[in-house]
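Visitor: Following this message is one structure expressed as structure tokens.
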Amino acid sequence: MMKKFLSGVLVTALVLGTVSFAAPEKEAEAVTVPKATYTFNMNGKNSKVVAVGRDGDDASLTSGGKIKLPTAAQAKKIKASLKYVKGHNGKALSLDRTKSYGAQLKGVNLGAKDMTISFWIQVPSGMGSYNSMFFMTNKTLNDKTQNWLSITKGGADWANTGAPTIWSHSFVNGKEEGFPWYNKNGVNKKGEAVWEAGDAVGDKKWHHIVLAIKATGKDNSCEYGEKGKDGYYKGYHGYTYVDGKAWGNGAISKRALSTSNLFFLGINAWDTPMKALYDDVMLWKGKALTAKQVKALYNKQK
């Protein structure tokens, strides 16, 4: 499980992580939300949304700390299938976790540049540590190629964490390059940026989650940790929004973005899968939505 990756040095870096409040680019008054590259409305069975499971999961529904990419073949082996129930808008994908399974979004390629991930989610029984709402990873994931990004809930022993936490990881030639994460950003009475704890999905209601990643142009980089010290990393800049409002922003591992990534809902490669409902999953390739566009999208879908 993911706790094994944490160290005292890493925890220190989490507390000292640099928080940037640079706003996305300004826009004209008329806000146009560009058409998503991929849209999954979850109104019923879709050949591009398939059940996936992990070979070798134990009774706790985890991989026992071993890295196991979810596959459709394993879902078939354990007789896991996707279900659709009443959702936020029409029907929704229901992942009930009665078996160790999640869903994969097939045929998706977001590239390695700017991108936006948007979905509605309801978590009826709350999230556990490291449950992954959204997971993208290179298809060759193993101990030495751990390049991935997870929209998750941080560990119970992490300082100032919650959900959605944006956690990413990258390896170069078997050596860890960057392991940044961020949750909720705030400002203290002195106007200084601070880390805050925050759980946006614990009330069991429907919520709109957006992650916009800037890899090019203005405000495309963000620092994590303290320069010159262990754990420091300069990555791309991620902006998280919840229900149309800014939630947090921080560093994203550059190698987590790839033209060969696989994309999953409710499951990663090692932890307990999510029990959750998903609706209106939308993905933009080459476009990091601005704050105004995210708000417009939320207002349109709420």
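Visitor: Look at segment 62-95 and say how many of its residues are touching a strand residue (DSSP E or B) at 6+ places or on another chain (Cβ under 6 Å), hydroxyl-bearing (Ser, Thr, Tyr) and surrounded by 14 or more Cβ atoms within 10 Å (Cβ to Cβ).
Guide: 3
Visitor: Where residues in segment 60-109 are hydrophobic (A, V, I, L, M, F, W, C) and part of a strand (DSSP E or B), which of them is farthest from Asp271 (Cα to Cα)? Steps first, please.
Guide: Step one: filter segment 60-109 for residues hydrophobic (A, V, I, L, M, F, W, C), giving 61, 67, 69, 72-73, 75, 78, 80, 82, 85, 92-93, 95, 103, 105, 108.
Going one step further and asking which of them are part of a strand (DSSP E or B), we end up with 85, 92-93, 95, 103, 105.
Working: Val85: 25, Ala92: 23, Leu93: 20, Leu95: 15, Ala103: 14, Leu105: 19 Å.
That would be Val85.
Visitor: Say we look at segment 243-277 and pick out the residues that are under 20 Å from Val49 (Cα atoms) and in contact with a Phe, Trp or Tyr (Cβ under 6 Å, 6 or more places away or on another chain); which of these is surrounded by the fewest Cβ atoms within 10 Å (Cβ to Cβ)?
Guide: Phe264
Visitor: Can I ask one more? Quick one: Ala59 ticks every box in (1) hydrophobic (A, V, I, L, M, F, W, C); (2) surrounded by 12 or more Cβ atoms within 10 Å (Cβ to Cβ); (3) over 29 Å from Glu223 (Cα atoms); (4) at pLDDT below 95 bar one, so which box is it?
Guide: Among (1) hydrophobic (A, V, I, L, M, F, W, C); (2) surrounded by 12 or more Cβ atoms within 10 Å (Cβ to Cβ); (3) over 29 Å from Glu223 (Cα atoms); (4) at pLDDT below 95, Ala59 violates only (2).
Yes/no per residue for (1) more than 15 Å from the chain's Cα centre (by Cα); (2) of a type in the set (A, V, I, L, M, F, W, C):
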{"residue": "Tyr182", "(1), (2)": "no, no"}
{"residue": "Val201", "(1), (2)": "no, yes"}
{"residue": "Lys204", "(1), (2)": "yes, no"}
{"residue": "Lys234", "(1), (2)": "yes, no"}
{"residue": "His237", "(1), (2)": "no, no"}
{"residue": "Ala276", "(1), (2)": "no, yes"}
{"residue": "Asp279", "(1), (2)": "yes, no"}
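Visitor: Check Glu192 against each of (1) of a type outside the set (Ser, Thr, Tyr); (2) touching a residue at least 24 places away in the same chain (Cβ under 8 Å); (3) over 29 Å from Ile121 (Cβ atoms) and name the one condition it does not meet.
Guide: Only one criterion is unmet by Glu192, namely (2).
Visitor: For segment 65-76, indicate whether the set of residues that are modelled with pLDDT under 90, under 29 Å from Tyr239 (Cα atoms) and over 19 Å from the mean Cα position of the chain (by Cα) is non-empty.
Guide: No.
A quick yes/no check of all residues on (1) touching a residue at least 40 places away in the same chain (Cβ under 8 Å); (2) of a type in the set (S, T, N, Q):
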{"position": "Ser63", "(1), (2)": "yes, yes"}
{"position": "Ser81", "(1), (2)": "no, yes"}
{"position": "Leu93", "(1), (2)": "yes, no"}
{"position": "Lys106", "(1), (2)": "yes, no"}
{"position": "Leu110", "(1), (2)": "yes, no"}
{"position": "Lys113", "(1), (2)": "yes, no"}
{"position": "Ile117", "(1), (2)": "yes, no"}
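Visitor: Asn185 passes all but one of (1) under 25 Å from Ala159 (Cβ atoms); (2) in a loop (DSSP other than H, G, I, E, B); which number fails?
Guide: With (1) under 25 Å from Ala159 (Cβ atoms); (2) in a loop (DSSP other than H, G, I, E, B) applied to Asn185, the lone miss is (2).
Table: residues versus (1) of a type in the set (D, E, K, R); (2) within 25 Å of Trp270 (Cα to Cα); (3) at pLDDT 95 or above.
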| residue | (1), (2), (3) |
| --- | --- |
| Asp157 | yes, yes, no |
| Val187 | no, no, no |
| Glu192 | yes, no, no |
| Gly198 | no, yes, no |
| Tyr239 | no, no, yes |
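Conditions tested, residue by residue: (1) crowded, with 16+ Cβ neighbours inside 10 Å; (2) modelled with pLDDT of 95 or more; (3) touching a Gly at 6+ places or on another chain (Cβ under 7 Å); (4) not polar (S, T, N, Q).
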position: Arg97; (1), (2), (3), (4): yes, no, no, yes
position: Val108; (1), (2), (3), (4): yes, yes, no, yes
position: Gln122; (1), (2), (3), (4): yes, yes, no, no
position: Thr137; (1), (2), (3), (4): yes, yes, no, no
position: Lys144; (1), (2), (3), (4): no, no, yes, yes
position: Glu177; (1), (2), (3), (4): yes, no, no, yes
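The values are calculated or read from the model by the stated rules, or taken from the named source; none is laboratory data. Since we're looking at a predicted model, the values are computed, not measured. Cβ atoms come from the backbone with ideal geometry, glycine included; neighbour counts cover every protein chain shown.
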